[in-house]
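This report concerns only the one structure given below.
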Amino acid sequence: MKETRFNIIKIILATSFFAFFYSCTQTQKISGELEQIDYTAIQKKAENFVPKIGTYGGEIILSSFSDPKSFNPITSTEVTTSEFTSYMYEGLIKINPVTLKPEPGLAEKWEVSNDGLTWIFYIRKNVFWSDSTPFSAYDVEFTFNSLVLNDSINPNSSRDMFVIEGKKPKVSIIDSMTVKFVLPIPFAPFLRAMAQEILPKHKYEKYVKSGNFSNSLGIQTPPDSMVGTGPFLLESFISSQKVTFRRNPLYWQKDSAGNRLPYLSRVIYLIVLDQNAELLRFKRGEIDYLRAKGEDYPTLKKDETKGNYTVYRLGPTSGSYFIIFNQNTSIDPKTKKPYVDFVKQSWFRNPKFRKAVAHALDKESMIRIVMNGLGYPQWGPMSPSEGFFYNPNVEKYPYDITKAKQLLAEAGFSDKNGDGFIEDSAGNTVEFSFYTNSGNIERGKLAEIARKDMEQLGFKVHFQLLEFNSLIQKIDNPPYAWDAIMLGLTGGVEPHFGKNVWHSTGTLHMWFPRQKAPSTLWEARIDTIFDTAVKILDENKRKTLYDEWQKIAADQLPLIYTVLKEQIFCISNRFGNINPSPNGGILHNLERIYVSSKNKN
Amino acid sequence: MRDDLIRRTLLLVPQLLIVTFITFLFINLAPGDILAKYRFDPRISQESIKKLEQKYHFDKPAIVQYGYWLIRLCHFDLGYSFSREADVTTVISERIGNTLLMSSFAILFTWLIALPLGIFAAVKQYSWGDRILSLISYFGMSLPGFFLALLLMFFIYSFSNIPFLGAIPIGGMVSPNHDQLSLIGKICDYALHLILPVLVLTATALAGLQRITRGNMLEELRKQYIVTARAKGLPENQVIYKHALKNAINPLITLFGFSLSELLSGAALLEIIINWPGLGSLMLEAVRSQDTFLVMGIMLMGGIMLIIGNLIADLLLVIVDPRVRS
Amino acid sequence: MMLFETRLLKKLKKHPLAIIGIVILCFFYLIMIFAEFIAPYDFDNGKRDYSYAPPTKIHFFHENKFTFPPVIYPYSYTFNQYAERIYLEDISKPYKLSIFTKGDRVKLFGIIPINRHLFGVKGNPDNCRLYLLGSDAVGRDLFSRIVYGSRVSLTIGFLGVAITFLLGFLVGGISGYYGGKIDSVLMRFAECFMLVPSFFLLLALRSAFPPKLSSIQVYFLIIIILSFIEWAGFARIIRGMSLTITKQDFVKAAKSIGASDLRIIILHILPQTLSYAIVAATLSIPHYILGESALSLIGLGIQEPQASWGNLLSVAMNVSDIQYHPWILIPGIFIFLTVMAFNFLGDALRDAADPNK
C-alpha cells in the first residue's frame, strides 16, 4: 500500500520530467525572416564614416583564446602575438582597414622611381617613442638591416616577405627624416609590406649585437621596458588570465579638433579558455566584444536590447576552408617507394575525381546545419572580403550527386562487384583516410558532413580527428602519411603573400610541397603567374593575372573549397565611433573608439 | 593493531608499484611512438632526438625502461612530459591542488549532510520524510555523475536570467578577473565555481552513504543495550547520539575508504566535463597525446591520494572506536 | 534451508522495486536483441532537412477529422530573423503510421536481411520521417540510434562480467581453499588493482592505444580494461566465502577420497558461492555501463558513426547546443534507468541470498 503511493510519486516525477522536455520542443511561431544584409551599403557607409570627437577615459574588455607566446613582431609566427604587437608598433605604411588601401603611417609621403626599384620615404615629423625619444629614419634603417633582413635572427617571418628571388633590398639613410629603399627587382606588394612594424634602435641595438634579440620582447620582459609608437602600450601580462594595454600619452595621431588619440585609457584582454563561458560572460557584460559563431547568433540577437549591445553581420570572413587530397608523386629515398602509393595517386591526381568530390559536397547543408544559415559557399581561393583581387567569376560546383557519379564513371570508377563501394578501373576499392583537426567543434561537424557526402559516392572513408600540430607535421614532412585532409588557411588582401601555398616550390604547397619542377602544366602556369605578377606595378595588369590564377585553382581543385562563415561581431553599446565594415570588422579604429555617455548614435 | 597498520602500510608501496609495472608494460607493448611528434618537427635536430632517446632509454626493452622509471622515482623525478614540455612533477603539482580542493569539499559536504539525514531517517523510520529520502537515495545512487552534471549545466544555462542562478559559473575554476579581487573576493570566486562540481559529487555520494547510515543506525537501535539505556531513563538524545551513533559510525568509516575511489574517479570525469583544471582534465590531455610519463605520473598520484585517504580513514577509525585500539 | 530460487521468488514479491527493475531490463534487452526490427531507421540514415528536428508530432486528427492510424506531416525548417530554426509541418501531405511496415533494408543480428520494422511511416517515404525522440545535427533519428546504441551499452556488462567471473572465481577460489601463504600473496596481488581510482587506471590503460581506434577494437578493448579493474573486488568476495566453505565437512570428505584440489574447488566450493557471485555480478554490471559511457563521452570510446549511449551524450557537453535541442540528453535517461534497474535487482538478490533475512 505504501509502495503504491511510492510508485505514484515516481510516476509523477517521471511524467513531469518528460513534460519538461516536450515543452521545450514546441515549434516556435514564425515571427520574421532572416534579414538580408546589404553589404555594399555597409561598406559605403563605412568608407564615408566621419568620426566624432570623443571623450577621454574608460576601458574596453576583449577576449583571447590563448596566451601570447611572445611580444616580438619579428620572430613570432602566431596570430595572437601579432594582434598584441600591432597596438605597440607601427609601420611606415598603414593599411586602411576599411578600404584595404595603403595610407601614410609613420611615413607622411613617399616617392617611387619610374622603374619601381627606388623608394624614398619621408618620415612623419613630431613622432616620438613612448619614452620621449624622437622617431627617426635611424629606427627604420635599424629595423630593416639589423632585424628583418638579418639572417642570424630566427625564426623570422618578416624576412620572407622582403627577400625577393633570394635578393634583399638595400636600405639606407638619406637624412634623419628620410629613408631610401632600393629593390633588386620590381616588387608590387612592397608598399603593402611596408606596414612592417618598426622597432626602436636605441632599445634593441644592443640585443642584436649580443645575439640575444630572439629572447627579448618575450613574455618575461617587463612591460615598462617595451617602447613603441603605437596607440597602446603593454601594461601587464598575467599568464592564462589577462593582458592589459594602457594608453600611450605620446601617440602622434590626433582627431580633427587636435586632441591626441587614443581616447580609451585601457584595452584589456581576458584569456578565455572556454567558448561557452566567453559567451555567457559577454551577455552578462563582463566582456565588451565578442566574435560569435553562427550557432550562437540566435541567443545573442534575441537579447540585444536587454544586454545593451549590438550584433553586426558583416559578410563572409577572409581565408578559406577546403579538402585536400595528397597528390605527392615523389619517392621516399629510404624505402624507394612512393610516399603515396600509385593506386591512390591515380585517383587523387585525376581532376575528374576531385571535381566529382566538389559536386558531392552539400554546402547548403553545411551552412544550414552548422552555421544556422549564416555562411557562404566558397568556390575559389579568395574570399569576397579580401577586396580588389577577388575574382567572383570562377567555376562553381553545385551540389549534384548524379553529376558527380557521372564524372566518376567517365574516369573509370564504378561498383563492379556490387559491394556498395566503387572501384577504379583496375578493380581497387576507393578507400582512404580523411583527417581534420580536433578541438574545433564547428570544423568537426563540417568534416562529418563532408565525410558522409563522400561516402554517398561509394568511397570507403576512414574519418579521424587528429591534434592540430600532428596534422601539420604530416602535411609538412616526409613520409607525408595522409590521404585527405580538411583544413583552413587564413587569407589576405595581397595574393602574393600566399605564394608559399601556390608556387610549386612552396613549403605550404600542401598537396605536393617543395617540388623540384612543377608536376603539372597548370601548376607550372600558376608558378609563372606568381613569378610575373609580383614584378608588375600596374594593379590592373596584376589583377588580370591573379584572376587567371583563381580560375585555374577553381578548375583544377587542388584545394576543394567548402564554405566561409559569416563574420558576426557583438559590441556593447557603451562605445562611440563604432564603424562596422565588412573588411575590417568593428575594432579596426580602436584608437578612435571612446566610452560614450549616451547609448549608441 | 598498530603492528597490523604498519605492516599493511609497508605493503602498499610494492603493491602500488606492481600496478604501475603492469600498466607500464601494457602501454609499452602497444603501438605508438612517444617521440613521434618530435621526429617530424624540422626545428628539432636528429641529435636532440637521439639524446632524448638515450636519456629515457626508449631503445631498451620495456622492463629495463621500467627499472629506470623506478630509479628516477626514488629521486622524486617522474620524468618529462613531452606534450606539455615540462617536468611531470611540475605539471602535476600545478594541478593536484585543484583536484584536492574539489574532492575535499565534496567529502566534507557529503558527510555533513548524509549523517544527519541518515540518523533522521532511522529515527523517524517509515515516515514520509524517510520514504522520500529513500526514493531520492535510490535515484541518486543510480544517477551517473556526468549525466547529473550535464543536466545541471543545462538548467543553469537555460535559466541564466534568474539573478542568483545565473551567477553560478558552469565551467572553469576562477573568473578572468580573479587576481583583481580582494582576498574575500577570491575566496567567493572559488566558492562560486565550486558550487556545481561539489553539488554533483555530493549528490551522487550522498545517496549511498545516507542509506547505509540509516541501515546501520536502525540495526544499532534494535540492540539490547539501547533497550537497557532507555529503560534506565536516559534522554532520547543521549541514546541516539552518545550510544547508537558511535557504534553505527564504525562501518561507515570503513566504507569511506571504499567510496573514496569512486569519488576520485567521479571527480576526474567531472573535471573534464566542466573544464576544471585538475588531474582529471590533465589525464585526458595526456592520454590524447599518448604522453606516457605524464600518464604514469598522474596514475601514481591518483593511487597515492587514495592510499592517503584510506590511511586517514583508518586513523579516524582508531580515534572513534575504542574497540579497534586494543 | 530453502533453495535459493524459492527464497528469491519470495523476496521478489516483497521488493516491488526489483520487479520494476526486471521489467525495465527485460524491456531494454528485448529492444536490444531486435534492434534492427524495432528501430524505424538505420543508425546512420540521416536526412539533413531534419537537422535537430524536435520529436515528431503524431496527429490523431487530420483536417478536423479523427484518423486512425494517426498521421504525421513532413517537416522542414527555415530560419527566422534570429537565425533560429523554425520547424514547419506541411499539413497538406499526411502520411499514415503503421505497424510492421516496410522500411530500411537492414540485417537482423547482422545476418538476416529484413525490411519490415515494428512501426514506421507507411511506404517509408524519405521526406516524411517519424522521429519519436527528435534528431541529431545531421538529421538522424535519435530513437533509432538509442536502440542501436543499446547493443553496446547493454552487452558490454555481460561480456565484461564473464571475464571478471572467470578470473575472480579462479583466483578467489584457489586463494580461499589453500589459505595461508598462497592466500596472502594472491590477495595482496588482487589488492594492487584496487589501489588506483578506477577512472585513472581506465584512462592509463586506454592511453596505451591511439586515441582513435575503430569501434570494434575499442569495444573489446573497453571490455578487457574494465575487467582488469573489476576482477580484484570480485576475487576478494569469492575468496572470503571460499575460506568458510573449505572448512566444511564435505570438503574434508572429498579430500579424503582423494579428489584433486582443482576438482574440489571447481565442483564443490565454487557452486556454493554462486548465489553471492550472481549478486556481485549484477551489482557490478553498472560499472561497465558507466565505464563505457564515460569513455565514449570524452571521445575515447565508441566512435561515430556507431552509436553508444555514451557517445550520443557527448554532443550534450556543448551547453549552448542543448539549450535549443534538449532531447539530446535523453540517452542519459536510458543509462540512468538501466543502472537503476540493475541496482534494484542486485539489492533484491542480495537480500534473497542473505540467509539471515
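The values are calculated or read from the model by the stated rules, or taken from the named source; none is laboratory data. Everything numeric here is computed off the predicted structure, so don't read it as measured data. Cβ sites come from the backbone with ideal geometry, for glycine too, and all protein chains shown count toward neighbours.
Given the options A:Thr75, A:Thr81, A:Thr85, A:Thr99, name the one that is surrounded by 20 or more Cβ atoms within 10 Å (Cβ to Cβ), under 19 Å from A:Gly492 (Cβ atoms) and out of contact with any Lys or Arg (no Cβ under 8 Å at 6 or more places or on another chain).
Numbers: A:Thr75 fails: under 19 Å from A:Gly492 (Cβ atoms); A:Thr81 fails: out of contact with any Lys or Arg (no Cβ under 8 Å at 6 or more places or on another chain); A:Thr99 fails: surrounded by 20 or more Cβ atoms within 10 Å (Cβ to Cβ).
Only one candidate qualifies: A:Thr85.
What about C:Asp44, is it assigned to a loop (DSSP other than H, G, I, E, B), touching a strand residue (DSSP E or B) at 6+ places or on another chain (Cβ under 7 Å) and at pLDDT below 90? Steps first, please.
Details: assigned to a loop (DSSP other than H, G, I, E, B): yes; touching a strand residue (DSSP E or B) at 6+ places or on another chain (Cβ under 7 Å): yes; at pLDDT below 90: yes.
Yes; evaluated as a whole, the condition is true for this residue.
Based on this model, can you work out whether A:Leu233 counts as more than 14 Å from chain B (Cβ to nearest Cβ) and not in a loop (DSSP other than H, G, I, E, B)?
yes
Being more than 14 Å from chain C (Cβ to nearest Cβ) and touching a residue at least 24 places away in the same chain (Cβ under 8 Å) narrows it down to one residue among B:Ile298, B:Ile249, B:Ile273; which is it?
Numbers: B:Ile298 fails: more than 14 Å from chain C (Cβ to nearest Cβ); B:Ile273 fails: more than 14 Å from chain C (Cβ to nearest Cβ).
After applying the criteria, what remains is B:Ile249.
Within the set of pairs 6+ apart or on separate chains, which have a first residue in region A:515-544 that is over 17 Å from A:Asn328 (Cα atoms), a second that is of a type in the set (Val, Ile, Thr) and surrounded by fewer than 14 Cβ atoms within 10 Å (Cβ to Cβ), and C-beta atoms under 7 Å apart?
Short answer, once both residue conditions are applied: A:Lys535/A:Ile185.
Do any helices (runs of 4 or more DSSP H) lying entirely in region A:303-387 carry at least 1 residues that are in contact with a Ser or Thr (Cβ under 7 Å, 6 or more places away or on another chain) and more than 14 Å from chain C (Cβ to nearest Cβ), and which ones are they?
On the way: elements: A:304-307, A:342-348, A:351-360.
Per the criteria, A:342-348.
Scanning region A:458-499 for residues that are aromatic (Phe, Trp, Tyr) and touching a helix residue (DSSP H, G or I) at 6+ places or on another chain (Cβ under 6 Å), which turns out farthest from A:Arg192 (Cα to Cα)?
Step one: filter region A:458-499 for residues aromatic (Phe, Trp, Tyr), giving A:459, A:463, A:468, A:480, A:482, A:497.
Pick out the ones that are also touching a helix residue (DSSP H, G or I) at 6+ places or on another chain (Cβ under 6 Å) and you get A:463, A:482.
On the way: A:Phe463: 41, A:Trp482: 36 Å.
Out of the qualifying residues, it is A:Phe463.
When you go through (1) touching a residue at least 40 places away in the same chain (Cβ under 8 Å); (2) surrounded by fewer than 19 Cβ atoms within 10 Å (Cβ to Cβ) one by one for A:Pro392, which number turns out not to apply?
(1)
Just one of B:Leu317, B:Leu263 is buried (at least 18 other Cβ atoms within 10 Å of the Cβ) and modelled with pLDDT of 85 or more; which is it?
On the way: B:Leu317 fails: modelled with pLDDT of 85 or more.
Every option except B:Leu263 fails the conditions.
Among the residues of region C:305-320, which ones are without any contact (Cβ under 8 Å) to a residue 12 or more places away in the chain and not in a loop (DSSP other than H, G, I, E, B)? Before you say what the answer is, go through the steps one by one.
Step one: of region C:305-320, the residues without any contact (Cβ under 8 Å) to a residue 12 or more places away in the chain are C:318-320.
Listed by number, the residues that qualify are C:Val319, C:Ser320.
I'd like the residue in region B:301-311 that is facing another protein chain (nearest Cβ under 7 Å) and small (Gly, Ala, Ser) and, out of all such residues, is surrounded by the fewest Cβ atoms within 10 Å (Cβ to Cβ). Reasoning before the result, please.
Step one: list which residues in region B:301-311 are facing another protein chain (nearest Cβ under 7 Å), which gives B:302-303, B:306-307.
Going one step further and asking which of them are small (Gly, Ala, Ser), we end up with B:302-303.
Details: B:Gly302: 28, B:Gly303: 25.
Among them, the one singled out is B:Gly303.
Say whether the condition of being at pLDDT 80 or above and not hydroxyl-bearing (Ser, Thr, Tyr) is met by at least one residue in region B:172-184.
yes
Of all residues in region B:276-293, how many are facing chain C (nearest Cβ under 9 Å) and either farther than 20 Å from C:Tyr288 by Cα or not small (Gly, Ala, Ser) (or both)? Working first, answer last.
At the first step, the residues of region B:276-293 found to be facing chain C (nearest Cβ under 9 Å) are B:279-280, B:283-284, B:286-292.
When the remaining residues are screened for being either farther than 20 Å from C:Tyr288 by Cα or not small (Gly, Ala, Ser) (or both), the result is B:279, B:283-284, B:286-292.
Counting residues in region B:276-293 that are facing chain C (nearest Cβ under 9 Å) and either farther than 20 Å from C:Tyr288 by Cα or not small (Gly, Ala, Ser) (or both) gives 10.
Just name the residue that is farthest from C:Gly172 (Cα to Cα) out of those in region C:219-249 that are aliphatic (A, V, I, L, M) and in contact with a His (Cβ under 9 Å, 6 or more places away or on another chain). Give the steps one after another, and end with the answer.
Of the residues in region C:219-249, the ones aliphatic (A, V, I, L, M) are C:221-226, C:229, C:232, C:235, C:237-238, C:241, C:243, C:245.
This time we only want the ones that are in contact with a His (Cβ under 9 Å, 6 or more places away or on another chain), so: C:226, C:229, C:245.
Values: C:Leu226: 18, C:Ile229: 15, C:Ile245: 12 Å.
Among residues in region C:219-249 that are aliphatic (A, V, I, L, M) and in contact with a His (Cβ under 9 Å, 6 or more places away or on another chain), the one farthest from C:Gly172 (Cα to Cα) is C:Leu226.
Just one of C:Leu132, C:Leu167, C:Leu186, C:Leu203 is within 14 Å of chain B (Cβ to nearest Cβ), in contact with a Phe, Trp or Tyr (Cβ under 6 Å, 6 or more places away or on another chain) and either in a helix (DSSP H, G or I) or at pLDDT 85 or above (or both); which is it? Walk me through how you get there before you give the answer.
Details: C:Leu132 fails: within 14 Å of chain B (Cβ to nearest Cβ); C:Leu186 fails: in contact with a Phe, Trp or Tyr (Cβ under 6 Å, 6 or more places away or on another chain); C:Leu203 fails: in contact with a Phe, Trp or Tyr (Cβ under 6 Å, 6 or more places away or on another chain).
Of the residues listed, the single one that is within 14 Å of chain B (Cβ to nearest Cβ), in contact with a Phe, Trp or Tyr (Cβ under 6 Å, 6 or more places away or on another chain) and either in a helix (DSSP H, G or I) or at pLDDT 85 or above (or both) is C:Leu167.
Among the listed residues A:Glu442, A:Glu455, identify the single one that is modelled with pLDDT under 95, in a helix (DSSP H, G or I), touching a helix residue (DSSP H, G or I) at 6+ places or on another chain (Cβ under 7 Å) and surrounded by fewer than 19 Cβ atoms within 10 Å (Cβ to Cβ). Walk me through it before giving the result.
Numbers: A:Glu455 fails: touching a helix residue (DSSP H, G or I) at 6+ places or on another chain (Cβ under 7 Å).
When all the criteria are applied, what remains is A:Glu442.
So which residues in region C:328-338 are out of contact with any helix residue (DSSP H, G or I) (no Cβ under 6 Å at 6 or more places or on another chain) and more than 9 Å from chain B (Cβ to nearest Cβ), if there are any at all?
The answer is C:Ile330, and nothing else.
What residue, among those in region A:255-281 that are touching a residue at least 40 places away in the same chain (Cβ under 8 Å) and of a type in the set (Gly, Ala, Ser), is nearest to the other protein chains (Cβ to nearest Cβ)?
A:Ser265
Can you find even one residue in region C:286-300 that is more than 9 Å from chain B (Cβ to nearest Cβ) and surrounded by fewer than 24 Cβ atoms within 10 Å (Cβ to Cβ)?
Checked against the condition, which is being more than 9 Å from chain B (Cβ to nearest Cβ) and surrounded by fewer than 24 Cβ atoms within 10 Å (Cβ to Cβ), region C:286-300 yields at least one hit.
What residue, among those in region C:206-224 that are among the aromatic types (Phe, Trp, Tyr) and more than 11 Å from chain B (Cβ to nearest Cβ), is surrounded by the most Cβ atoms within 10 Å (Cβ to Cβ)?
As a first pass, look at region C:206-224 and keep what is among the aromatic types (Phe, Trp, Tyr): C:209, C:219-220.
Filter once more, keeping what is more than 11 Å from chain B (Cβ to nearest Cβ): C:219-220.
On the way: C:Tyr219: 21, C:Phe220: 12.
Among those residues, the one meeting the criterion is C:Tyr219.
So A:Lys416 fits all but one of (1) modelled with pLDDT of 90 or more; (2) more than 14 Å from chain C (Cβ to nearest Cβ); (3) in contact with a Gly (Cβ under 8 Å, 6 or more places away or on another chain); what number is the exception?
(1)
Restricting region C:69-87 to residues that are without any contact (Cβ under 8 Å) to a residue 24 or more places away in the chain and either surrounded by 19 or more Cβ atoms within 10 Å (Cβ to Cβ) or touching a strand residue (DSSP E or B) at 6+ places or on another chain (Cβ under 7 Å) (or both), which is farthest from the other protein chains (Cβ to nearest Cβ)?
To start, the set of residues in region C:69-87 that are without any contact (Cβ under 8 Å) to a residue 24 or more places away in the chain comprises C:78-83, C:86.
Still in the running and either surrounded by 19 or more Cβ atoms within 10 Å (Cβ to Cβ) or touching a strand residue (DSSP E or B) at 6+ places or on another chain (Cβ under 7 Å) (or both): C:78-80, C:82-83, C:86.
Numbers: C:Thr78: 8, C:Phe79: 4, C:Asn80: 5, C:Tyr82: 4, C:Ala83: 4, C:Ile86: 5 Å.
Result: C:Thr78.
Which numbered condition in (1) surrounded by 19 or more Cβ atoms within 10 Å (Cβ to Cβ); (2) within 13 Å of chain C (Cβ to nearest Cβ) is the only one that A:Lys405 fails?
The one condition A:Lys405 does not meet is (2).
Out of the residues in region A:282-292 that are in contact (Cβ under 8 Å) with a residue 40 or more places away in the chain and within 9 Å of another protein chain (Cβ to nearest Cβ), which is surrounded by the most Cβ atoms within 10 Å (Cβ to Cβ)? Can you show your working first?
Step one: list which residues in region A:282-292 are in contact (Cβ under 8 Å) with a residue 40 or more places away in the chain, which gives A:282, A:285-292.
Filter once more, so that each one left must be within 9 Å of another protein chain (Cβ to nearest Cβ): A:286-287.
Values: A:Glu286: 16, A:Ile287: 24.
It comes out as A:Ile287.
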